[in-house]
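Before any comments, here is the structure.
Taken together, the values in this text are just the output of simple stated rules run on the coordinates, not laboratory data. From a predicted model like this one, the values you see are computed outputs, not experimental measurements. Heads up, the Cβs are rebuilt from the backbone with ideal geometry, glycines too, and the neighbour counts pull from every protein chain shown.
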Amino acid sequence: MSEQINEYIKNEYAAGFVTDVESETLPPGLNEDVVRFISAKKGEPEWLLEWRLKAFRAWSEMTEPTWAHVKYPKINFQDVSYYSAPKSMDSKPKSLDEVDPELLKTYEKLGIPLHEQAILAGVAVDVVFDSVSVATTFKTKLAEAGVIFMPISEAVHKHPELVQKYMGSVVPQKDNFYAALNSAVFSDGSFVYIPKGVRCPMELSTYFRINEAKTGQFERTLIIADEGSHVSYLEGCTAPMRDENQLHAAVVELVALDNAQIKYSTVQNWYPGDAEGKGGIYNFVTKRAVAHTNAKVSWTQVETGSAVTWKYPSCVLKGDNSVGEFYSVALTNNYQQADTGTKMIHIGKNTTSTIISKGISAGKSQNAYRGLVRMNPSAAGARNYTQCDSLLIGDQCAAHTFPYIESKHPSAVVEHEATTSKVSDEQLFLCQQRGIDMEKAVSMIVNGFCKEVFKELPMEFAVEAGKLLEVSLEGSVG
Amino acid sequence: MLSIKNLQARVEEKDIIKGLNLDIKPGEVHAIMGPNGAGKSTLGNVLSGREGYEVTGGEVLFDGKNLLEMSTEERAREGLFLAFQYPVEIPGVSNMEFLKASVDAVREHRGLPAYDSVTFLKLAREKCKAVNLDQNFLKRGVNEGFSGGEKKRNEIMQMMLLEPKICILDETDSGLDIDALQVVAEGVNSQRSPERSFIVVTHYQRLLDYIVPDYVHVLANGRIVKSGGKELALELEEKGYSWIEQEGK
Amino acid sequence: MSLAFNEQAVASLKNLPAAPWLENIRASGAQVFSVTPWPNRKTENWKYTSLFALDQQAYHGAAPQVNLADDQLFAIAGLDAQRLVFVNGHFNAALSDKIDGLVCVPFSQANAEQQALIAQKLNGTFKQEQHLFGALNNAALQEGVLIHLTKNQVCKKPVQIVHVQSADAGFSSYARHVIVLEQHSEATVLEHFVSAAKIAENIHNQLTEVFVGEGAKLNHYRLHLESGSQSHFGGVHVNLAANAVFNSFQLALGGKIKRIDVVVNHQGSGAHSEINGVYLPKEKQHIDFHTCIEHAVPHCTSNEVFRGIIADQAKAVFNGRIHIHKHAQKTAAELSNKNLLLSNQAEINTKPELEIYADDVRCAHGATIAQLDEKARFYLQSRGISRQEAEVMLSFGFINELIDGIELEPVAQLLRPILAKQFISDERLARHLI
């Protein structure tokens, strides 16, 4: 039956087309001049250039982490281009009407129409194409609520005090190799500020797209939820099919001040490489949140893309009674490799965290959960519950669980459970005997397996995620 | 013996007992009946001093002493016994070790010498027999792997060993078939004496066929809304609780 | 690399006389040890255990020959066993029994045939390149015990191998045991580590290699009851052939640094292992258990349960790895690790790991760090037992579950009072235990 399953899994990557636009792309290579060029291109203030240079110098001294359970040829960081932007964006279009129609078409093809009337109701979108933000919708409506939602390159000019105060406060420049690289060369990304007590009137969303060959994408997102505010944010990602691997090293920082709530959802569908493991995105991302008193941060991720994923959205539960959540579905197929999970650092009293991780491995892929739960000596009464389940489809793939649990407080309670299962022949037979075809049966079983996570996604995207899973699994059944 | 005046208590910030009065004299058996959610189980937990059950008003005197000021174990040593509705399983702690620790603590409090191990073992085996429990239960973990009936019999055996002044039976009949119910009831009846009182908390009249009460009280919405003799239980059996709840309002 | 400890260790090996038939292995061990990087915080296997303390102390005096007056330190009342005793790593014939009914000899007394068997089996269960203290053990190879059961031989009487540490000056001692069970044989082996009450800080490095043949069964105990000043680096490495069974009970009180590796290689279909363990560090002690269950072939089962109580400023590490190789279909492997922290300064680091390369398997692990059950405590208190005593009873119950499972009742009886004493400051609170 395994062969039959495998027959079904032939990955068809729908987002794999290339947009033909003229771009200004830096030649490959990285040195201080490149950092200065990027900064100058964006007309950045002196402090930010210094900030970048400091990160660059730190990065030059650092070595790549090798502890993850992934294998890939050594990356030559001098072989990557660190800046690329469609030329048409040079003139800084004031409105969507001025944006290059080729670009708009790209997003239409991806199912993300940027004209507000056509947009998913109630969702504001910022789209980042290679190194720049091309459009942000619903700006006015958000402004009425006092919500700031704009490209970070714009926020540097319009809200320097917020950017300067919070950027790097959660993920310091020297945090790790890829965070340092990002801090040196980040191009664009989204900036969100929700004022005190405001409940953001709509879902915010950023869509990332890598188009140009041989380029890396290094976006940076900063979300600040001021006291008592609420925001739900979603990001999505795609890239064309190309034979060579491309690098994506993003940084996301979330600040949830007292009593604030941030819900951050990701549907990651970067190009995963072909069935032989050729090409695909290297997704090396640092995401972290700080939760202050009574604040709540919730990460939900559906990870189906990328050739190699290295990603651990984390919560620093600094304030008393703060809450951290991590819901994850990570699906790997063919030769994909994922090493993903979370860190919950409990500092405040009575902090609680929940981790639900569902890993699905198919084809010849490697799928690892790696997590850290740390109860600091100050974390009296803290609680963690972790559940990691792995589902294996076929006998060529692998599933791993590496949970690190550290406790230094006697009243902190940690519970961790992990299980492994397969899509069993009996389950499939039952479904087939009841007239359900194999592909549908596998997708039903996998969807059931992921249900706990999908219910955490905003409604519109839960459906999307289910469909995405189905597509990613195509040909994995046997 | 036990005098409850205007008792008020809350659990998780919700008021459950809202002014309860009850006076129990030595040797009396009081049945407390009532619909689900009336606060029946809360009463047992409050009287034995469980954490999380906050007394917000009223007083309880036990043989003239302020019960509410005592810790859980002090109340037990003074002679208040709660037979649990769902006795907890404690793997790794043997019944024997548990029973001896408990009896020693209670006897010490009463100024009695501790039993030596041999005498105690003999005594424990005797009580096992009285409630029809296999002696092997003494070696196993407290309530570990016991059936519902065995757990309840274990509760009665502890009552026999500890010789309390007042016993609160918290829905002791729940989950028991008729045979097990008879064994438990016989055990309780054997312990009735002019000095010992009982509070029998139950939803059904059935248990009261076997443990015949002197008084029956109906608890609804955190208060005793009606009291009477044993015939009240039969009336409730026939008519249900709703008519009384109506009266109570 | 090259810190004080490790330089001195290499230098001091020259003082250990080598038997000619072990020279090759010693030379290769010394070579590997000298080139293996010294662990630091970034060495995954040593992430939570620092070897820094080893450099602060001299451990390189020759292990002295000491005679003990009697067997008080290690006698197990009621246990009918055959016994071999080593004091400071030296075989002590006076305290040992004359072994009857099976091959069970110290290396120093092995005949040519036995020497050949030892040499053939050494390093058959692990790779010294991946095992720093295994390489050191090879480099210092000199003494140990060979136990050999022939086909179908069943040895009912347990074999007790005792290691006593006793001296006024710090030293390192080494030993290696080789246990070979041929097809369908069965034995019980108890490794028992003790030390005199107040002695200098010593290190003992003890590796045991076990080969359980087809359909054979080993019941194994490893009891680390040395005093808190002692350090230990060692472990048990086991190869299981088809349908072989390995049952093991591991217990460790805390030491200055104790690092114990338990590795079970399921190499034959139908093999089964059952490992129960308890660790109880207190004061400033440190214990690090690394277990690794390797499933290389189909249809094997393993079950592992470890519990720890960590008191005072002590620190415990538990790393439990289950590795299912590519063709090991139909494997069932389970691991449970539960911990209790008793103080604000105690620390536990636990890492249950699954690495799975086959789909048709049943694998699960669970780890908890918890407080005592509040419901159970209330139940005990409602029966008149004081809160303090209830807590003691429940803590003891937490590990007593595993002690109750011990097949050799005299061993359980030996352990209960020792364990009760471990985490109870007021003796009166322990009066109802045991």
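Tabulated data for the structure shown
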| item | result |
| --- | --- |
| For chain C: rounded, prolate or oblate by the Cα gyration tensor [a/c cutoff 1.5] | rounded |
| Size of electric dipole in chain C: Cβ of Lys, Arg +1 and of Asp, Glu -1, about Cα centre, debye, nearest 20 | 480 debye |
| Computed label-point distance, nm, for sites C:ASN24 and A:THR354 using a 7 Å Cα→Cβ extension | 6.2 nm |
| Sites B:LYS239 and B:ASP177, calculated FRET efficiency, Cβ-Cβ separation with R0 35 Å, nearest 0.05 | 0.85 |
| Where Rh is the Kirkwood radius over Cα pairs, Rg/Rh for the protein assembly as shown | 1.02 |
| Sparsely packed trypsin sites (Lys or Arg not before Pro) within segment C:238-340, loop by DSSP, other Cβ within 10 Å at most 15 | C:LYS284, C:LYS326, C:LYS330 |
| Calculated SAXS-style log₁₀ I(q)/I(0) at q = 0.11, 0.18, 0.20 Å⁻¹ - segment C:26-135, Debye, Cα scatterers | -0.61, -1.16, -1.18 |
| Estimated inter-spin distance, C:LYS98 and A:ASN447, nm [label 7 Å along Cα→Cβ] | 7.9 nm |
| Electrostatic dipole magnitude of segment C:302-434 [Cβ: Lys, Arg +1; Asp, Glu -1; Cα centre; debye, to 20] | 180 debye |
| Filtered trypsin sites (Lys or Arg not before Pro), segment A:380-478: DSSP coil and at most 10 other beta carbons within 10 Å | A:ARG434 |
| Viscosity 1.002 mPa s, 20 °C: Kirkwood-radius Stokes-Einstein D of segment C:171-250 over Cα pairs, µm²/s | 157 µm²/s |
| Tilt relative to chain B, helix B:148-162 - C-alpha long axis, 0 to 90 degrees, to 10 | 80 degrees |
| Size descriptor, Kirkwood hydrodynamic radius, that averages inverse alpha-carbon separations across segment C:60-112, Å | 12.8 Å |
| Restricting segment C:1-101 to trypsin sites (Lys or Arg not before Pro) in coil, as DSSP defines it, with at most 13 other Cβ within 10 Å | C:ARG41, C:LYS42, C:LYS98 |
| For C:335-347, mean number of other protein chain Cβ atoms within 10 Å | 3 |
| Inter-label distance, nm, simple model (7 Å from Cα along the C-beta direction), C:ASP373/C:GLN114 | 4.9 nm |
